[in-house]
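What follows draws every value from the coordinates through simple rules; no lab data is involved. Model, not experiment: these values are computed from the prediction. All Cβ positions, glycine included, derive from the backbone under ideal geometry; neighbour counts span all protein chains shown.
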Amino acid sequence: MALSRRKFTKEVKLAAIQRLDAGASAAEVARAFEVTPKLLHRWRKEFRQGPGNAFPRPGQAEYADVVVGFVLAVACLLSYWDPTLPVMTQK
């Protein structure tokens, strides 16, 4: 039987980061949360890069890319049929 990957909620990750920021050592927090210090540092790095967007649910980013591609395709088709419409491009 294959082992499944553990999944940590955003709240658990934030609690671990808060303990690190409060001065606890990475080894100490890692033992408490049963993870590696390397994973803790990755969580903290992701959080610092963009707290509002940190720890997206699996598939969330890929879905957004598909939606943007679809919207651009529809806009191109519409501008082809009606040349007076502005052409949208992805930045």
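Overview of values
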quantity	calculated
Pairwise label distance in nanometres, Ala73 with Lys7, each label 7 Å out on the Cα-Cβ vector	2.7
Gln18 paired with Arg48, simple spin-label distance in nm, labels 7 Å along Cα-to-beta-carbon	2.0
Convex hull volume of the range 7-55 per residue (C-alpha atoms, cubic angstrom)	65
